[in-house]
Amino acid sequence: MLTHILHNFPALCAFLDQLHLELSKPQHQHILNLADALLTCADTKTLAALQRQFIAVADAFNAMTTDRPYRRAKTHEEAMAELGRCAGTQLDPQVVEAFMKLMGEE
């Protein structure tokens, strides 16, 4: 959950000062304004973590539903059931639930 947006974060200001960069005032302000785009989350799930978890679910589904030299592909229903069994252990249960909704399973 989004808790706040950083604005002229003091540590960033101090870091810029320690670099001793020859920046014009507008350049310095531009770098400080970049901090406005930094989001801090109260939850440990960052956007990057959610992207990785969603790719893991999609990759697992693809791996199960694709023929391999050593086994035949699972059906759509079998793969979805397997994702459901792995939710909470190997895969994030919320991401599995969202994937199932996207695939029309719920």
Kindly evaluate residue 73 against the criterion of being modelled with pLDDT of 90 or more and surrounded by 15 or more Cβ atoms within 10 Å (Cβ to Cβ).
no
Could you give me the residue pairs with C-beta distances under 8 Å whose first residue belongs to region 38-67 and is modelled with pLDDT of 90 or more, whose second residue is hydroxyl-bearing (Ser, Thr, Tyr) wherever it lies, and which are 6+ apart or on separate chains?
65/75
Contact list, first residue from region 87-106 and aliphatic (A, V, I, L, M), second anywhere and in a helix (DSSP H, G or I), beta-carbon distance below 6 Å, six or more apart or interchain, is 87/93; 87/96; 91/57; 95/53; 95/54; 95/57; 96/57; 96/83
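The values are calculated or read from the model by the stated rules, or taken from the named source; none is laboratory data. It should be emphasised that the depicted structure is a prediction, and the values quoted were computed from it without experimental measurement. Here the Cβ is made from the backbone with ideal geometry for all residues, glycine too, and neighbour counts use every protein chain on show.
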